[in-house]
Amino acid sequence: MKFAEFEVGMVIKHPLVPVTREEMLDFAQKYDPQSFHIDDKQAEEGHWGGLIASGWLTCGKAMRMAVDSALHDSESFGSPGLERLRWVLPVRAGDSIRLEATVISKRVSSSRSDLGIIRWNWDVFNQRDERVLELEATSMFELKVLQD
């Protein structure tokens with residue numbers, strides 16, 4: 001989507017994508033090797049009652065869904081960060097997750113007419129329609145400025 005196509009209040013959806021045990025373990029072993037992400041026995045005996053996906057894997061999958069559903073052909077060039085990030089429920093092997101992203105504001109920068117800015121809430125749900133992740137992101141878009 002191009003910056004011009006985003007509208008406040010619009011909801012951008014991506015369908016369910018699977019979360020596999022293999023990708024959970026691979027990601028956790030590389031980036032988040034805590035016992036509840038990589039060790040079946042310790043995870044089973046721990047707070048979560050079994051292995052759970054790293055929240056960062058969930059964020060990465062959410063980012064992929066946002067790119068696939070909205071950002072892949074846009075003028076997006078980055079983000080200054082997140083206002084809010086919350087892992088609501090654990091994601092487990094065999095779950096599937098989907099994205100609903102709601103545009104909450106859209107503007108052209110007051111100091112740079114070539115910079116478009118959107119803020120949007122990303123809600124990620126599992127196959128039972130339970131929210132597993134919520135965040136508020138800001139995305140920046142390079143706009144072409146018409147010359148006189």
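Nothing in this text is a laboratory measurement; each read-out follows from the coordinates by a stated rule. If you're wondering where the values come from, they're calculated on a predicted model, not measured in any experiment. Here the Cβ is made from the backbone with ideal geometry for all residues, glycine too, and neighbour counts use every protein chain on show.
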Over the stretch 3-142 - Rg/Rh using Cα atoms and the Kirkwood inverse-distance radius: 1.04
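Classify the stretch 57-98 as rounded, prolate or oblate, taking a ≥ b ≥ c as the square roots of the eigenvalues of its Cα gyration tensor: rounded when a/c is under 1.5, otherwise prolate if a/b is larger than b/c and oblate if not.
Details: a/c = 3.50, a/b = 1.52, b/c = 2.31.
Oblate shape, in that a/c is at least 1.5 and b/c is the bigger or equal ratio.
I need the peptides 107-116, 15-24 ranked by packing, meaning the mean over residues of other C-beta atoms within 10 angstrom, with the highest value on top. Don't jump to the answer; show the numbers that get you there.
On the way: 107-116: 12.7, 15-24: 14.6.
Packing proxy ranking, top to bottom: 15-24, 107-116.
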Restricting the stretch 43-148 to GluC sites (Glu not before Pro) in coil, as DSSP defines it, with at most 13 other Cβ within 10 Å: Glu130
The chain, relative contact order [Cα under 8 Å, separation at least 6], %: 29
Tilt relative to the chain, helix 55-66 - C-alpha long axis, 0 to 90 degrees, to 10: 40
Backbone N within the stretch 9-33 under 13 Å of label point (7 Å from Gln127 Cα along the Cβ vector): 16-21
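Under unit Cβ charges (Lys, Arg +1; Asp, Glu -1), what dipole magnitude, rounded to 20 debye, does the chain have relative to its Cα centre?
On the way: 18 positive and 24 negative charges, 57 e Å.
Computed charge dipole of the chain: roughly 280 debye.
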Spatially close lysines, pair count over the stretch 3-142: Cα under 27 Å, gap of eight or more or interchain: 6
